[in-house]
Amino acid sequence: MRLRTAAMVALALLATGCGIRTTSVPVDAGAAPSRVPCNVPEASSPAQGVPVRAFLVCGSQLEPVDRRSPQPEDKASGDPVRTASALLAQLLAEPSEAERQAGFTTAVRAPLSVAGGRAGDPEGTLRLSRQPEDLAPAALSQLVCTFAGSSAGAGGHTVLLAGPGAYPPKRYRCTTELRERPESAPPTAAVPSAPATPAG
């Protein structure tokens, strides 16, 4: 009898587990923890060139990487297209050996180019050679956060992007949530109505 009672108690303990109740409601615990360092040693960065910052994918998140660009970012000149072109080149380039060892990758793929806005576009618009919505979500997130954090941005951690078609530009915002989940769609904000000066 005692043996049967002990067995029943053991089964009851197994059924209750560790005191954590199960739930049928999905729980969002955030991004999975990463085992990669996502940190590039400073000594591995080239000494020549102009400092630029690009956002790469590491551990399922976007992390900034400081690089040197042979093309000046020219913040003083106020040329957002030149800045965006230099930054796009950084995103298209394969990560260095040190960056790969740290866990960095890029989702941005060629062919892809950037130009200024057309007549009727708000000032500061950048037009990609492909529709932003046609890019891989992580690639678009990389572009948004990299451009928005530079002089190519439209202020307030945003950037005005459009594609080669007749669609109007959208103001994309780089947020903490987007950096944590680059596979999600970048949030958008209201687009200014001031027209841009016609390009060239």
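Observations on the model:
- Only listed residue being out of contact with any Phe, Trp or Tyr (no Cβ under 8 Å at 6 or more places or on another chain), open to solvent by 50 Å² or more (accessible area, probe 1.4 Å) and at pLDDT 95 or above, chosen from Arg130, Arg82: Arg130
- Applying the condition of being open to solvent by less than 40 Å² (accessible area, probe 1.4 Å) and modelled with pLDDT under 95 to segment 170-194 and asking which residue is farthest from Glu63 (Cα to Cα) yields Ala189.
- Within segment 64-77, not a single residue is open to solvent by 10 Å² or more (accessible area, probe 1.4 Å), under 15 Å from Cys174 (Cβ atoms), out of contact with any helix residue (DSSP H, G or I) (no Cβ under 9 Å at 6 or more places or on another chain) and not in a loop (DSSP other than H, G, I, E, B).
- One residue alone among Ala110, Ala152, Ala98 is open to solvent by 40 Å² or more (accessible area, probe 1.4 Å) and either modelled with pLDDT of 95 or more or touching a helix residue (DSSP H, G or I) at 6+ places or on another chain (Cβ under 6 Å) (or both), and that residue is Ala110.
- Enumeration of residues in segment 155-169 that are surrounded by fewer than 24 Cβ atoms within 10 Å (Cβ to Cβ), at pLDDT 95 or above and aliphatic (A, V, I, L, M): Ala162
- For segment 122-145, a residue qualifies if it is part of a helix (DSSP H, G or I) and of a type outside the set (Asp, Glu), and the qualifying residues are Pro132, Pro137, Ala138, Ala139, Leu140, Ser141, Gln142, Leu143, Val144, Cys145.
- Of the residues making up segment 34-58, those that are over 18 Å from the mean Cα position of the chain (by Cα) and either in a helix (DSSP H, G or I) or modelled with pLDDT under 60 (or both) number 7.
- Selection status of Pro164, under 23 Å from Cys58 (Cβ atoms), in contact with a strand residue (DSSP E or B) (Cβ under 7 Å, 6 or more places away or on another chain) and not charged (D, E, K, R): no
- Ala119 among the small types (Gly, Ala, Ser) and open to solvent by 60 Å² or more (accessible area, probe 1.4 Å): yes
The values are calculated or read from the model by the stated rules, or taken from the named source; none is laboratory data. Because the structure is a prediction, the values reported are computed rather than measured. Positions of Cβ are generated from backbone atoms using ideal geometry, with glycine treated the same way; all protein chains shown enter the neighbour counts. When the accessible area is computed, the model is the full protein with side chains, heavy atoms only, and any ligands, DNA or RNA have been set aside. Shrake-Rupley method; radii C 1.70, N 1.55, O 1.52, S 1.80 Å.
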